Amino acid sequence: MPTKPRLGIILASIREGRRGEAFARWIHSLFVERAEFEAELLDLKEWPLPGYSSADPPASPKAVAPEGTLLRKWADKIDSLDAVVVVTPEYNHGYPGALKCAIDQIYKQWNHKPIAFVSYGGFAAGARASEQLRQVAVELRMVPVRDEVNLALMGLAVDDKGWPTEPIHTKRAHSMMTDLLWWTHVTREGRANHPR
Ligand SMILES: Cc1cc2nc3c(=O)[nH]c(=O)nc-3n(C[C@H](O)[C@H](O)[C@H](O)COP(=O)(O)O)c2cc1C
């Protein structure tokens with residue numbers, strides 16, 4: 001019996017008073033309910049990775065961070081995952097800089113894994129941020145899954161934990177999770193049996 005796939009839910013906002021933490025906890029709770037993944041929250045506040053500054057590009061075999069550094073721990077953490085969900089706000093029609101810093105530091109650890117999105121923001125519900133991330137994901141040799149959750153903050157119905165309460169959001173979350181699980185099985189098999 002294969003082990004449950006491992007999922008990292010990356011919380012991209014590091015802002016004081018961020019809305020994103022509640023959304024990340026909400027989506028995490030839905031994954032825990034379905035029990036298909038070992039799901040953990042990766043809060044970028046706890047992973048303060050700086051902008052990329054090394055002479056060696058992350059794809060280079062020389063670019064291995066020394067043992068014990070935050071970067072090495074981040075690389076090992078992402079390496080251990082089978083799938084990723086990013087919970088991202090929209091900042092100036094893009095995604096937060098903290099997320100880009102965390103992405104660019106490593107390369108092969110992202111490769112051939114699926115990635116899904118929960119975005120939020122104003123009228124566009126963060127979709128411009130998730131669309132940009134789809135382009136980045138392809139460059140990382142990841143598989144961005146079709147279905148995603150987009151939360152428009154104005155008038156968004158939430159409970160006392162800040163979790164969305166409208167059934168449409170939960171429905172879309174489940175479509176996303178089903179799609180992500182399928183791609184997780186396919187890519188896990190691919191990485192194990194067709195290495196490249
Ligand atoms: C620097 C900054 C830029 C923003 N730009 C946009 C934007 O372009 N589009 C949008 O829909 N919302 C924008 N917003 C509103 C955010 O989506 C909203 O404040 C959201 O709560 C931010 O997520 P967070 O609270 O988890 O940090 C911006 C907010 C900030 C702080």
*Local electrostatic count, Leu49, Cβ distance below 13 Å [Lys/Arg +1, Asp/Glu -1]*: +2
*Taking N as the number of residues in the chain, what is its Cα Rg relative to 2.2 N^0.38 Å?*
1.00
*Quick one: of the DSSP bridges fully inside the chain, what percent are antiparallel, nearest 5?*
10 percent
*asked:* Give me the net charge for the shell around Pro164: Cβ to Cβ below 13 angstrom, other residues only, Lys and Arg +1, Asp and Glu -1.
replied: +2
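For region 86-193, what class follows from the C-alpha gyration tensor (a ≥ b ≥ c being the square roots of its eigenvalues): rounded when a/c is under 1.5, otherwise prolate if a/b is larger than b/c, else oblate?
oblate
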_Between Asp160, Asp43, Asp147, where does the largest GNM mean-square fluctuation fall for the chain, given springs only between Cα atoms within less than 10 Å?_
Asp160
*Table column - 3J(HN,Hα) (Hz), region 33-40, Karplus curve with 6.51, -1.76, 1.60, x for Gly and Pro*: 4, 6, 6, 8, 10, 8, 9, 10
_In the chain, if the dipole is taken from +1 on Lys/Arg beta carbons and -1 on Asp/Glu beta carbons about the Cα centre, which of Tyr95, Ser60, Leu70 is farthest to the positive end?_
Ser60
*asked:* Run the numbers for Ala124 and Val138: contour at 0.36 nm per residue of separation, minus the present Cα-Cα distance, in nm.
replied: 2.8 nm
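Values quoted throughout were computed directly from the atomic coordinates according to the rules given, and no laboratory measurement underlies them. All values derive from a computational prediction rather than experimental measurement. Counting neighbours? That spans all protein chains shown, and the Cβs are built from the backbone with ideal geometry, glycine included.
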